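Notes follow the structure.
Just so it is clear, none of the values below were taken in a lab; they were calculated from the coordinates. Values in this document were obtained by computation on a predicted structure and should not be read as measured data. Cβ atoms come from the backbone with ideal geometry, glycine included; neighbour counts cover every protein chain shown.
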Amino acid sequence: MTGSQAKPTAPSTPPPPATKGLWGSLKQLLDQLLVVNVFLVIGAALWFVLAVVLQGQGRGGPLQAFQSLWEPLIMPALGLLMAAALLSGILGWWQRRGQP
């Protein structure tokens with residue numbers, strides 16, 4: 001046969017339901033903020049480990065920079081991450097509590 005045969009296509013999955021209203025867009029923004037926050041905390045942890053290793057080799061600059069950013073940036077990021085984890089656990093428990 002010639003190359004004019006139509007290939008069967010896989011059934012497409014329906015698009016996800018669109019978020020509605022202000023609450024949906026606020027939730028999306030909060031989700032994106034939390035994803036960025038997680039990567040910020042992971043990056044800070046890696047920076048701290050590297051800074052401690054460099055401090056052991058006599059290079060104290062990265063550790064001093066880490067310490068200068070501890071209170072204004074890293075501690076609030078850790079607090080936000082812990083608060084989000086607690087809130088997620090509480091909301092999950094609350095939703096399961098109402099189900100038989």
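Summary of computed values
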{"item": "Segment 23-29 - phi-based ³J(HN,Hα) in whole Hz, Karplus 6.51/-1.76/1.60, Gly and Pro as x", "result": "4, x, 5, 5, 5, 4, 5"}
{"item": "Sites matching trypsin sites (Lys or Arg not before Pro) across segment 37-100 that sit in DSSP coil, with at most 15 neighbouring C-beta atoms within 10 Å", "result": "59"}
{"item": "Diffusion coefficient, µm² s⁻¹, Stokes-Einstein with Kirkwood Rh over alpha-carbon pairs of segment 24-97 at 37 °C and 0.692 mPa s", "result": "232"}
